[in-house]
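As C-alpha coordinates, the structure follows; a few thoughts come after it.
The values are calculated or read from the model by the stated rules, or taken from the named source; none is laboratory data. For clarity, every value in this text was computed on a predicted model and none was experimentally measured. A quick note on method: Cβ atoms are made from the backbone with ideal geometry, for glycine too, and the neighbour counts reach across all protein chains shown. Just the protein is used for accessible areas: all its heavy atoms, side chains included, with ligands, DNA and RNA removed. Shrake-Rupley method; radii C 1.70, N 1.55, O 1.52, S 1.80 Å.
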Amino acid sequence: MVNTRATFADRLALARRLLARGASRPPVHLADQLAAAGSEARALHDRIGAALPIMQPGRQWYHRTEPRPSTGARAYLLAAVLDCTIVCVHIRRGGPRPAFVQLALRRVDCERCIRTLRRPPPDEGDRCDICGARGVVTFVPFAAHHGPALVMGDACPSCADVLGIRQEVSA
Ligand SMILES: [Zn+2]
Ligand SMILES: [Zn+2]
(Lines give C-alpha, C1' and ligand atoms only; values in the text may rest on other atoms or scores of the structure.)
(Ligands and ions follow the chains in the order given, each with its own letter.)
Protein backbone atom coordinates (compact mmCIF):
# COMPACT_ATOMS: atom_id res chain seq x y z
CA MET A 1 0.00 0.00 0.00
CA VAL A 2 1.31 3.41 -0.86
CA ASN A 3 1.73 5.57 2.19
CA THR A 4 -0.85 8.22 1.54
CA ARG A 5 -2.09 8.47 5.07
CA ALA A 6 -4.40 11.40 5.49
CA THR A 7 -3.60 13.93 8.16
CA PHE A 8 -5.64 14.01 11.33
CA ALA A 9 -7.24 17.25 10.17
CA ASP A 10 -8.34 15.56 6.93
CA ARG A 11 -9.74 12.56 8.77
CA LEU A 12 -11.46 14.76 11.33
CA ALA A 13 -13.11 16.78 8.57
CA LEU A 14 -14.28 13.55 6.93
CA ALA A 15 -15.53 12.22 10.26
CA ARG A 16 -17.51 15.40 10.88
CA ARG A 17 -19.06 15.20 7.43
CA LEU A 18 -20.04 11.58 7.98
CA LEU A 19 -21.57 12.32 11.36
CA ALA A 20 -23.40 15.38 10.05
CA ARG A 21 -24.84 13.21 7.30
CA GLY A 22 -26.10 10.80 9.89
CA ALA A 23 -23.68 7.97 9.18
CA SER A 24 -23.52 5.95 12.34
CA ARG A 25 -20.30 4.14 11.58
CA PRO A 26 -17.20 4.52 9.49
CA PRO A 27 -17.68 3.30 5.94
CA VAL A 28 -14.33 1.72 5.30
CA HIS A 29 -13.24 -0.86 7.83
CA LEU A 30 -16.27 -1.42 10.01
CA ALA A 31 -18.62 -2.72 7.42
CA ASP A 32 -22.39 -2.60 7.47
CA GLN A 33 -22.84 -6.08 8.84
CA LEU A 34 -21.05 -5.05 12.01
CA ALA A 35 -24.07 -3.05 13.08
CA ALA A 36 -25.77 -6.20 14.28
CA ALA A 37 -22.89 -6.87 16.63
CA GLY A 38 -23.59 -3.83 18.78
CA SER A 39 -25.04 -5.53 21.80
CA GLU A 40 -22.45 -8.27 21.71
CA ALA A 41 -19.73 -5.65 21.62
CA ARG A 42 -21.22 -4.01 24.65
CA ALA A 43 -21.33 -7.34 26.46
CA LEU A 44 -17.68 -7.85 25.68
CA HIS A 45 -16.82 -4.42 26.92
CA ASP A 46 -16.79 -5.58 30.50
CA ARG A 47 -14.66 -8.57 29.63
CA ILE A 48 -12.05 -6.62 27.73
CA GLY A 49 -12.17 -4.03 30.44
CA ALA A 50 -11.18 -6.71 32.87
CA ALA A 51 -8.52 -8.07 30.54
CA LEU A 52 -6.74 -4.84 29.71
CA PRO A 53 -5.17 -4.24 33.11
CA ILE A 54 -3.95 -7.82 33.01
CA MET A 55 -2.46 -7.39 29.56
CA GLN A 56 -0.85 -4.12 30.54
CA PRO A 57 -0.27 -4.24 34.27
CA GLY A 58 0.51 -1.00 35.96
CA ARG A 59 -1.70 0.99 33.66
CA GLN A 60 -5.02 2.51 34.51
CA TRP A 61 -7.80 2.32 32.02
CA TYR A 62 -10.72 4.63 31.89
CA HIS A 63 -13.98 3.56 30.45
CA ARG A 64 -16.58 5.61 28.75
CA THR A 65 -19.86 3.82 28.89
CA GLU A 66 -22.43 6.49 28.23
CA PRO A 67 -24.30 5.52 25.07
CA ARG A 68 -24.20 8.95 23.48
CA PRO A 69 -20.86 10.68 23.59
CA SER A 70 -20.77 14.23 22.29
CA THR A 71 -20.55 14.83 18.57
CA GLY A 72 -17.06 16.18 19.06
CA ALA A 73 -15.97 13.03 20.85
CA ARG A 74 -17.52 10.81 18.19
CA ALA A 75 -15.79 12.76 15.43
CA TYR A 76 -12.44 12.39 17.17
CA LEU A 77 -12.92 8.65 17.68
CA LEU A 78 -14.08 8.15 14.13
CA ALA A 79 -11.16 10.17 12.77
CA ALA A 80 -8.79 7.96 14.75
CA VAL A 81 -10.46 4.76 13.56
CA LEU A 82 -10.16 5.95 9.99
CA ASP A 83 -6.37 5.80 10.43
CA CYS A 84 -6.40 2.04 11.00
CA THR A 85 -4.64 0.18 8.24
CA ILE A 86 -5.01 -3.44 9.30
CA VAL A 87 -8.27 -5.30 9.72
CA CYS A 88 -8.26 -8.97 10.68
CA VAL A 89 -9.52 -11.42 8.12
CA HIS A 90 -12.53 -12.36 10.22
CA ILE A 91 -13.79 -8.81 10.44
CA ARG A 92 -13.20 -8.34 6.73
CA ARG A 93 -14.97 -11.54 5.72
CA GLY A 94 -17.13 -12.58 8.59
CA GLY A 95 -20.64 -12.00 9.68
CA PRO A 96 -21.63 -9.71 12.51
CA ARG A 97 -19.10 -9.64 15.26
CA PRO A 98 -17.69 -7.03 17.58
CA ALA A 99 -14.61 -5.19 16.46
CA PHE A 100 -11.78 -4.18 18.73
CA VAL A 101 -9.84 -1.19 17.54
CA GLN A 102 -6.33 -0.83 18.92
CA LEU A 103 -5.38 2.62 17.80
CA ALA A 104 -1.76 2.30 18.88
CA LEU A 105 -1.44 -0.63 16.46
CA ARG A 106 -3.81 0.86 13.88
CA ARG A 107 -5.54 -2.51 13.93
CA VAL A 108 -9.12 -3.69 13.93
CA ASP A 109 -9.45 -7.21 15.29
CA CYS A 110 -12.20 -9.65 16.14
CA GLU A 111 -12.57 -11.07 19.64
CA ARG A 112 -10.21 -13.93 18.80
CA CYS A 113 -7.45 -12.07 17.02
CA ILE A 114 -7.21 -9.44 19.74
CA ARG A 115 -5.87 -12.14 22.03
CA THR A 116 -2.63 -12.06 20.09
CA LEU A 117 -0.44 -9.62 21.94
CA ARG A 118 1.26 -7.15 19.69
CA ARG A 119 3.50 -4.27 20.53
CA PRO A 120 3.13 -0.78 19.11
CA PRO A 121 6.00 0.54 17.00
CA PRO A 122 8.77 1.40 19.49
CA ASP A 123 9.34 4.84 18.00
CA GLU A 124 5.73 5.86 18.57
CA GLY A 125 5.76 5.80 22.36
CA ASP A 126 5.24 9.55 22.51
CA ARG A 127 2.46 9.65 19.92
CA CYS A 128 -1.17 10.50 20.66
CA ASP A 129 -3.35 7.73 19.23
CA ILE A 130 -6.05 10.22 18.29
CA CYS A 131 -4.46 13.31 16.77
CA GLY A 132 -0.99 11.90 16.14
CA ALA A 133 0.78 14.62 18.08
CA ARG A 134 4.30 13.64 19.10
CA GLY A 135 6.17 14.42 22.28
CA VAL A 136 3.23 13.62 24.53
CA VAL A 137 4.39 13.13 28.11
CA THR A 138 1.15 12.39 29.93
CA PHE A 139 -1.33 10.09 28.22
CA VAL A 140 -4.90 9.35 29.16
CA PRO A 141 -5.70 5.73 28.30
CA PHE A 142 -9.27 5.11 27.23
CA ALA A 143 -11.64 2.51 25.87
CA ALA A 144 -14.75 3.80 24.18
CA HIS A 145 -17.59 2.32 22.18
CA HIS A 146 -18.20 3.45 18.66
CA GLY A 147 -21.16 1.48 17.41
CA PRO A 148 -20.11 -2.19 17.37
CA ALA A 149 -16.50 -1.26 17.89
CA LEU A 150 -14.56 -0.87 21.09
CA VAL A 151 -11.89 1.73 20.45
CA MET A 152 -8.83 1.66 22.67
CA GLY A 153 -5.88 3.98 22.79
CA ASP A 154 -3.91 6.63 24.57
CA ALA A 155 -5.01 10.23 24.18
CA CYS A 156 -3.00 13.39 24.69
CA PRO A 157 -4.48 15.84 27.20
CA SER A 158 -6.22 18.00 24.60
CA CYS A 159 -7.78 15.00 22.84
CA ALA A 160 -8.80 13.65 26.25
CA ASP A 161 -10.63 16.93 26.83
CA VAL A 162 -12.60 16.49 23.60
CA LEU A 163 -13.34 12.87 24.46
CA GLY A 164 -14.57 13.97 27.85
CA ILE A 165 -12.09 11.87 29.78
CA ARG A 166 -9.72 13.11 32.39
CA GLN A 167 -6.65 11.71 33.98
CA GLU A 168 -7.66 11.09 37.52
CA VAL A 169 -4.99 11.65 40.11
CA SER A 170 -4.79 8.59 42.27
CA ALA A 171 -4.37 9.28 45.91
ZN1 LIG B 1 -10.02 -12.10 13.60
ZN1 LIG C 1 -4.13 14.08 20.69
- Item | Residue selected from segment 146-171 under the condition modelled with pLDDT under 85 and of a type in the set (Val, Ile, Thr), by the criterion nearest to Arg119 (Cα to Cα) | Ile165
- Note on the structure: Scanning segment 63-80 residue by residue, those within 15 Å of the chain's Cα centre (by Cα) and modelled with pLDDT under 60 turn out to be His63, Arg64, Thr65
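Looking only at residues that are in a strand (DSSP E or B) and not hydrophobic (A, V, I, L, M, F, W, C) in segment 104-161, which one is nearest to ligand 1 (Cβ to nearest atom)?
Taking segment 104-161 as the starting set, the residues that turn out to be in a strand (DSSP E or B) are 107-109, 140-146, 149-155.
Next, from what is left, pick out any that are not hydrophobic (A, V, I, L, M, F, W, C): 107, 109, 141, 145-146, 153-154.
Numbers: Arg107: 10, Asp109: 5, Pro141: 23, His145: 19, His146: 18, Gly153: 19, Asp154: 23 Å.
The residue in question is Asp109.
How many residues does segment 91-111 hold that are of a type in the set (Asp, Glu) and open to solvent by 30 Å² or more (accessible area, probe 1.4 Å)?
1
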- What tally of residues in segment 84-108 results from selecting those that are more than 17 Å from Phe142 (Cα to Cα) and among the charged types (D, E, K, R)? 3
- Message: Tell me whether segment 112-130 contains one or more residues that are open to solvent by 10 Å² or more (accessible area, probe 1.4 Å) and within 11 Å of ligand 2 (Cβ to nearest atom).
- Response: yes
